[in-house]
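Input: a single structure, listed below in structure tokens.
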Amino acid sequence: MGALRLYDDWQQARQSILRRRGLSFDDVPDSVRQGIRRVFGEELMPEAAVSRILADIRRRGDTALREWTTRIDGLVLDSFEVPKRAWEEAYASLPADLAEALNLAAKRIRAFHSRQPVKSWTTTDLGGVLGQRVTPLARVGVYVPGGTAPLPSSLLMTVIPARVAGVQEVFVCTPPDRRSHQVPQVILAAAHIAGVDRLFCLGGAQAIAALAYGTEAVPRVDKIVGAGGLFVTLAKRQVYGEVGLDTVAGPTETVIIADDSADPTWVACDLLAQAEHDVLATAILLTPSRRLAQAVQAEVDGQLARLERKDEILAALAGQGGIVLTPDLDTAIRLADEFAPEHLCLSVENPEEWVDRVHNAGGIFVGEHSFEVLGDYVAGPSHVMPTGGTARFASPVNVLDFVKITSVIGLDTESALQLCQSAACLARAESLTAHATAAEQRRESGGTHG
């Protein structure tokens with residue numbers, strides 16, 4: 001058997017690789033257990049470890065933030081903040097092709113989100129003035145993952161929609177590179193391009209704590225966006241309510257639906273690109289074509305030998321990967337909709353005909369030329385999308401994540417008086433007599449002061 005398992009029975013696949021089990025942290029890898037023992041000197045579950053970090057930083061501010069950064073990252077910092085001068089120098093030192101690529105991505109992300117219809121409105125059709133006032137958040141914190149590999153694209157994909165929304169201040173927290181103990185130059189350059197206000201060399205739960213509670217050095221924010229690893233995800237869960245969140249993200253995932261018209265080489269490339277992200281990444285092909293399935297299997301095995309992250313890819317494919325043979329494309333679409341993937345790629349003939357059949361996906365990639373890697377970097381929409389089946393109810397990061405809506409109620413006197421009796425009736429049905437009295441007093445006075 002090759003690296004990618006073939007499921008002949010789609011019902012069996014439905015109960016295995018296509019079955020959602022929820023975002024669970026019960027199975028803790030040995031490497032994580034060892035890290036917790038090293039930092040805390042005892043056995044703790046990750047949730048408990050995160051709780052200690054959050055509580056300590058909330059209580060002691062910068063002092064605790066500095067201590068945890070030293071204990072976890074082995075880094076002693078005189079200042080958490082990286083000055084803008086360093087961002088400008090980083091941008092100036094970029095290779096020309098990388099600077100061009102980052103600027104192209106930024107331009108397209110900005111252009112896409114600028115077209116999103118987000119505006120205040122009012123109506124006089126309901127008596128007086130009613131409406132919604134849309135205002136940007138004052139301060140947003142963006143977490144940009146790092147540590148083993150810099151992700152400037154994630155910075156652009158989160159900061160730029162916030163800027164388009166009109167957020168007053170955008171702060172970035174990102175961990176230092178594990179080898180150099182500094183924020184990678186490409187991240188600093190991306191911060192310069194995106195128009196970040198302040199950037200802090202902070203990672204993990206301690207970064208989320210600083211953004212959520214505020215310290216002497218890191219101002220408190222109104223909302224935190226951006227994906228991260230296990231400890232970031234747990235920390236975001238625990239600070240929800242203190243601040244707003246975009247989502248609690250799980251491992252990344254792609255489902256490809258393909259038929260005989262698809263190029264097996266391209267399909268294999270797209271599955272491998274997804275599996276390259278993480279050992280917990282999901283890469284699944286749904287197809288009614290056995291010929292294509294077998295060709296993709298062979299392509300995956302052949303391409304693997306040339307890839308640098310072979311071990312990570314093999315682990316992801318073994319754990320969450322597979323090819324599922326379906327009776328037809330209708331079944332494939334139905335299975336994908338049940339799974340509600342982060343990315344759904346339609347590598348089929350006439351893909352536009354199938355788009356409206358999809359209800360649950362973070363992003364729909366229509367046709368083989370709209371492949372996911374372009375969405376990861378330069379297509380335009382944010383690549384921060386709902387995972388773990390949350391595409392059933394959640395959306396990708398967009399301009400609406402960075403605004404709040406305030407209801408405006410300005411009824412005229414006549415309309416208010418007409419509504420009083422119904423309001424009082426409903427209030428008494430709920431046993432809220434003070435509510436009822438407030439409405440009845442207005443009605444009895446005819447809307448004028450006594």
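Report the equivalent ellipsoid semi-axes for segment 235-354 in whole Å, largest first, defined as the square roots of five times the eigenvalues of the gyration tensor built from alpha carbon atoms. Each step should come with its number before you reach the end.
Details: eigenvalues 154, 79, 22 Å².
Working through the eigenvalues yields semi-axes of 28, 20, 10 Å.
Across segment 233-378, Cα pairs under 8 Å and at least six residues apart give a relative contact order of 27 percent.
Pairs of C-alpha atoms in segment 147-303 farther apart than 29 Å represent 34 percent of all such pairs.
Computed about the Cα centre, the dipole magnitude for the chain is approximately 1380 debye when only Lys and Arg (+1) and Asp and Glu (-1) carry charge, each at its Cβ. Once the chain from ASN350 to PHE40 is taken as fully extended at 0.36 nm per residue, the excess over their C-alpha distance is 106.0 nm. This ranking places LYS223, LYS236, LYS310 by how few other beta-carbon atoms lie within 10 Å of each, fewest first, which gives LYS310, LYS223, LYS236.
Entry note, segment 81-247: relative contact order of 25 percent, from Cα contacts under 8 Å with a spacing of 6+ residues.
Here the Gaussian network model covers the chain, with springs between Cα atoms less than 10 Å apart; of ASP125, ASP260, ASP197, ASP125 fluctuates the most.
Give me the percent relative contact order of the chain, please, defined on Cα pairs under 8 angstrom at least 6 residues apart. Mind showing how you got there, number by number?
Working: 850 pairs, mean separation 87.8, N = 450.
Relative contact order comes out at 20 percent.
Placing unit charges on the Cβ atoms of the charged side chains and taking the dipole of the chain about its Cα centre, the candidate lying farthest along the positive direction among ALA189, GLY166, ALA423 is ALA423.
In a simple Cβ point-charge model (Lys, Arg +1; Asp, Glu -1; nothing else charged), segment 299-387 has a dipole of about 260 debye relative to its Cα centre. Summed over qualifying helices (DSSP H, 4 residues or more, each -39500 (n - 2.57)) and divided by its residue number, the chain shows a 222 nm mean residue ellipticity of -13500 deg cm²/dmol. In plain terms, the chain from ALA48 to GLU276 could stretch by 79.1 nm, reckoned as 0.36 nm per residue minus the Cα-Cα distance.
Sparsely packed loop sites in segment 77-182 (the trypsin sites (Lys or Arg not before Pro) outside DSSP H, G, I, E and B with at most 16 other Cβ atoms within 10 Å) comprise ARG115, LYS119, ARG178, ARG179. Using R0 = 56 Å, the C-beta based FRET efficiency linking GLU338 and ASP125 works out to 0.85. Listing ARG5, ARG66, ARG19 from fewest to most neighbouring C-beta atoms within 10 Å gives ARG19, ARG5, ARG66.
State, to one decimal in nm², a quarter of the convex hull surface area for the C-alpha atoms of the chain, i.e. the direction-averaged projected area. Let's see the in-between values first.
Numbers: hull surface 110.9 nm².
Averaged projected area of the chain's Cα convex hull equals 27.7 nm².
Computed from point charges on the beta carbon alone (+1 for Lys and Arg, -1 for Asp and Glu), the dipole magnitude for segment 81-247 about its Cα centre is near 260 Debye. Within straight-line reach of LYS236, meaning a Cα separation under 26 Å, sit the following lysines at least 8 residues removed in sequence or on another chain: LYS223, LYS404. The residue among ALA48, TRP68, GLN34 whose Cα reaches farthest toward the positive pole of the charge dipole of segment 30-73, with charges on the beta-carbon of Lys, Arg, Asp and Glu, is TRP68. Counted over segment 81-247, the DSSP beta bridges are approximately 25% antiparallel. Distance between the pseudo-spin-label points of HIS449 and ALA99 (7 Å out from Cα toward the beta carbon): 6.6 nm.
Neighbour counts of other C-beta atoms within 10 Å: give me PHE200, PHE402 arranged from fewest to most.
Details: PHE200 22, PHE402 26.
Ordered by Cβ neighbours within 10 Å, fewest first: PHE200, PHE402.
No value in this document is a laboratory result; all are computed from the given coordinates. Every value quoted in this text rests on a predicted model; they were computed, and no experiment measured them. Positions of Cβ are backbone-derived with ideal geometry, glycine not excepted, and every protein chain shown enters the neighbour counts.
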